[in-house]
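Working notes, beginning with the structure itself.
Values in this text are rule-based calculations from the coordinates and carry no lab data. The shown structure was predicted, so the numbers you read here are calculated from the model rather than taken from an experiment. Methodologically, a virtual Cβ is constructed for each residue, glycine included, from the backbone with ideal geometry; neighbour enumeration extends over all protein chains shown.
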Amino acid sequence: MKPSKLEDHLKRYHPDKIGKDLKYFQILKEKYEKRPTVHNMFSSRSESNDDGLRASYNISLLVAKSGKPHTIEEQLILPAVEGVLKTVLHKSSCDILKMIPLSNNTVQRRIDEI
């Protein structure tokens, strides 16, 4: 908006904010841009679900290539991933491991799909 029109808009529609300084409006803009929106909430969840699904397929592929029984993901892969997450990220791995579906039936189904 042109400065003259912006000034006119401020006087007409927001007379209570005429005496405010620039910092007030910058903070207001930052709050507006950082507010949670429906689109942001759904896009981040769907991305994390996609990541877990991709990880599940990748682990199933590794199990298939190894030629080992499908229980290897419970005995070796999940504990190894948990250890890496704790060591490198210094975070609890519970939430991340819950996003990766890895039951024996799931692994078998994914191997058949691949």
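Assorted remarks:
- Acute angle (nearest 10 degrees) that the helix 38-66 long axis makes with the longest principal axis of the chain, alpha-carbon atoms: 20 degrees
- Sorted ascending by nearby beta carbons within 10 Å, beginning with the fewest, Thr87, Thr106 become Thr87, Thr106.
- Most mobile of Asp50, Asp95, Asp16 in a GNM of the chain (Cα contacts under 10 Å): Asp16
- Full-extension gain in nm, Leu28 to Leu6, via 0.36 nm per residue minus C-alpha separation: 6.3 nm
- Entries of Lys2/Lys29; Lys2/Lys23; Lys31/Lys86 with Cα pairs more than 22 Å apart: Lys31/Lys86
- Size of charge dipole - the chain - debye, nearest 20, with Cβ of Lys, Arg +1 and Asp, Glu -1, no other charges: 640 debye
- Full-stretch length increase - Lys98, Asp112 - with 0.36 nm per residue and alpha-carbon distance subtracted: 2.8 nm
- The chain: angle of helix 22-34 to the longest principal axis, Cα-based, in degrees nearest 10: 30 degrees
- Phi-based couplings in Hz for the stretch 91-99 (Karplus 6.51, -1.76, 1.60; Gly and Pro marked x): 10, 5, 8, 4, 5, 6, 5, 5, 7
- Crossing angle, helix 104-113 versus the chain [Cα axis fit, 0-90 degrees, rounded to tens]: 80 degrees
- Computed helical MRE - 222 nm, the chain, DSSP H runs ≥ 4 contributing -39500 (n - 2.57), nearest 500: -20500 deg cm²/dmol
- Percentage relative contact order, the chain, counting C-alpha pairs under 8 Å, at least six apart: 29 percent
- Exposed trypsin sites (Lys or Arg not before Pro) absent: longest stretch of the chain, with sites in DSSP loops and at most 15 other Cβ within 10 Å deemed exposed: 21-90
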